[in-house]
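Written out below as structure tokens is the structure these notes cover.
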Amino acid sequence: MDTLQLWGLESFYTTIVVLFVFLWIISIIWVAKDISARTNSVLLQIIAIVLVTFFTPIVWIPLYHIIKPIWYKKDKMPWREACITNATVCGKCRMLNAKEHKCCINCGTKLMIKCKECNKEYPHNYRYCPKCGWPNIELN
């Protein structure tokens, strides 16, 4: 083989190795972000990151999709249920409460506040009063 063909083959292999290492690093970052968004378990997060680090993404990523927790930590499902059942979700414990309740039935957190401007009651988690637009300073 002449040197030009050898150099072309060498650069091809180098490109493949660089792309594979890039895919590996991106996979580690993605798994770290995804598992931390799905669970508070530090042990499970460490296991997932170590496994994707020591096994190739080709082997580990399909397995990760099988064993990862299905739901995210901050899933919006209680909000959907609250809309359907005409309820309010507690911002502290995520318990569904009837709209007329002023405090959570589970943890006692205030659910409704009065607007400082117009005195209308509205849910505690709103950033602004729905009637007059006055900011909810208790939310910050």
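Suppose a student asked you for the relative contact order of the stretch 3-67, using Cα pairs under 8 Å spaced at least 6 residues apart; what percent would you report? Let's see the in-between values first.
Numbers: 25 pairs, mean separation 19.1, N = 65.
That works out to 29 percent.
Here is the link list: Lys110/Lys131; Lys33/Lys110; Lys99/Lys120; Lys102/Lys131. Which ones come out longer than 22 Å on Cα distance? Could the numbers behind the result be given before it?
Details: Lys110/Lys131 20 Å; Lys33/Lys110 33 Å; Lys99/Lys120 14 Å; Lys102/Lys131 19 Å.
In this structure, Lys33/Lys110 lie more than 22 Å apart at Cα.
Assuming R0 = 25 Å, what is the FRET efficiency of Val42 and Lys92, from their Cβ-Cβ distance, to the nearest 0.05? Spell out each step's value before the answer.
Values: r = 23 Å, r/R0 = 0.91.
Once rounded, the FRET efficiency stands at 0.65.
Could you work out how much longer the chain between Leu19 and Leu63 gets when fully extended? Use 0.36 nm per residue separation minus the Cα distance between them, nm to one decimal.
Values: separation 44, 0.36 × 44 = 15.84 nm, distance 2.15 nm.
Using 0.36 nm per residue and subtracting the Cα-Cα distance, I get 13.7 nm.
No lab work stands behind these numbers, since they all come straight from the coordinates. Please read these numbers as outputs of a predicted model, since none were measured by experiment. Backbone-built Cβ (ideal geometry, glycine too); neighbour counts: all protein chains shown.
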